Amino acid sequence: MNCHFIKLLLCISAFLFTITILAQPKRLTKDFHKERREQLRNKMPENSAAIFVSNPKQTRSADTEHRYKQNTDLYYFSGIHEANVILLVFKNDVVIQNQKAKDVILISPKNADEELWHGLMLGEEGAKEKSGATLVLPIQEFKKINPLLADLSHVYASWPQFENNEYNEDLINILNEIATQNKIENEELEAWLHQLRGIKTEEEIGILKHAIKISGQGHIEAMKSIQPGVSERQIQGVHEFIHRAMGAEDSGYLPIVGAGNNGCILHYSSNDKDLIKDRLVLMDVGAEYQNYTGDITRTVPTKGFFNQEEKQLYDLVLLALDEGIKAVKKGNTFKDIDQACRNTIHEGLIRLGIVKKGENHPFFPHGVSHHLGLDVHDRGEYKTLKPGMVITVEPGIYIPENSPTDKKWWNIAIRIEDNILIKEDKIENLSEFVPRTSSDIEGVMKEKGILQKLD
């Protein structure tokens, strides 16, 4: 066996041993989901029900499918990660099959042939154990539920768009029946969901911290591997290897690895540039762990060190990030964070001679903060900052080629993003361990990375 290959295996084995000893948080239990449903019920008016429907299966190509991703609202209230599921949360007890219930789940029955091809199904008993729901029925028995909805004063529902294929046919028929026979309301439901999901419980915070820890480790290992000649796709691969090695099930969103001018494309995700030569690499990548996602961005120099112009702009964005984080505190607003970042960057661009005082410019075109949780842009209210919120702060500067400024600034894209937990009397920067200063990044990049160990 090739001695270089043996050496690589030993290095990877040592690395895996190191990262697998990280303490893993407890998974969400049925008690969590039951308590979340009770919190929703407290907001609902008398004689009402809220309906949550699983995401559809999505065809990738021909007879293959995308990896299944659950409707995060349904998961939040049930813990179930299967297609063809309906959850009904009633304000008051209903009687079905001589049994009182406030929560009813409809799910596909266990099927030996389906399990042979696609894996174990929860079935009725499994769904009851996972969710803590009082009553679980086969989805085919929906007709026993629909008459109850017709007698209610309010039926709240929000469900995804469905691709019309064989996987979703039964569910589409049921939803059409619900929509035909009931006046569906969703405005109030949306507000309740933002209020509930925007404030994380201790269980959720534990899982989010772990997702962010994995995300950050991916960034650190990617920094070590970046040098002239690597590709955007290889850098993405380092992140994804670390994610899986540390127990994450997926990336929380399409990874963004933009070298040079590609970093100026805010949601760039093709990541197909080969043989990176110079300038910077912007990496906006987060791991999904137990359905919760991190969202970290770091920008690093391809050659391992920042030139003068890159460092000036990088330090300006880092200053804006720090000023934005200072504005994150109980009682402040999202606007306060945005203004702190925006003022800092605008003043810095004037000082560097890139823009003139009073001039509107296109170099900072996005907002700086969003909620983080089951979705990367998670549900939550954008008003006053409250304890229990987990949010991002992410200022940036983007100067694409042919911008109306000196050429020395062209093709520079910088974004730095941290994940912040708001507490009662302080905040916690959950991603602060990932190198942030230009000198710390340059130090980490001197270390040999996974890609170089493949040589």
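The values are calculated or read from the model by the stated rules, or taken from the named source; none is laboratory data. Bear in mind that the values here come from a model prediction, so they are computed numbers and not experimental data. Every residue, glycine as well, gets a Cβ built from its backbone with ideal geometry; the counts of neighbours run over all protein chains shown.
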Note on E424: of the conditions (1) surrounded by fewer than 18 Cβ atoms within 10 Å (Cβ to Cβ); (2) touching a strand residue (DSSP E or B) at 6+ places or on another chain (Cβ under 6 Å); (3) among the acidic types (D, E), unmet is (2)
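Which of the residues spanning region 99-138 are among the polar types (S, T, N, Q) and either over 20 Å from F32 (Cβ atoms) or part of a loop (DSSP other than H, G, I, E, B) (or both)?
Residues satisfying the conditions are Q99, S108, N111, T134.
Is at least one residue of region 241-250 under 20 Å from N411 (Cβ atoms) and assigned by TED's automatic domain parsing to the domain that holds D440? Outline the logic, then answer.
Taking region 241-250 first, the residues under 20 Å from N411 (Cβ atoms) are none.
The answer is no; no qualifying residue exists.
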May I ask you to list the residues in region 20-51 that are outside any loop (DSSP other than H, G, I, E, B) and either at positive phi or modelled with pLDDT under 95 (or both)? T20
For region 361-455, give me every one of the strands (runs of 3 or more DSSP E) that falls completely inside it and has 2 or more residues that are over 25 Å from the mean Cα position of the chain (by Cα) and outside the structural domain of I235 (by TED's automatic domain parsing). none
Give the residue that is surrounded by the fewest Cβ atoms within 10 Å (Cβ to Cβ), with candidates limited to residues of region 22-65 that are among the aliphatic types (A, V, I, L, M) and farther than 19 Å from N92 by Cβ. A62
Give me the pairs: first residue in region 214-239 and not assigned by TED's automatic domain parsing to the domain that holds N262 and buried (at least 24 other Cβ atoms within 10 Å of the Cβ), second residue at pLDDT 95 or above and small (G, A, S), beta-carbon distance under 8 Å, and six or more apart or on different chains, which are they? none
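Tell me the residue from K209, K200 that is within 16 Å of the chain's Cα centre (by Cα) and crowded, with 22+ Cβ neighbours inside 10 Å, please. Before you say what the answer is, go through the steps one by one.
Details: K209 fails: crowded, with 22+ Cβ neighbours inside 10 Å.
Testing whether each residue is within 16 Å of the chain's Cα centre (by Cα) and crowded, with 22+ Cβ neighbours inside 10 Å leaves just K200.
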Take the residues of region 77-127 that are surrounded by 14 or more Cβ atoms within 10 Å (Cβ to Cβ) and at positive phi: which is modelled with the lowest pLDDT? N84
Looking at region 327-351, which of the residues that are surrounded by 15 or more Cβ atoms within 10 Å (Cβ to Cβ) and assigned to a loop (DSSP other than H, G, I, E, B) is nearest to the chain's Cα centre (by Cα)? V328
Out of curiosity, is D151 within 27 Å of K100 (Cα to Cα), loosely packed, with under 12 Cβ neighbours inside 10 Å and among the acidic types (D, E)? yes
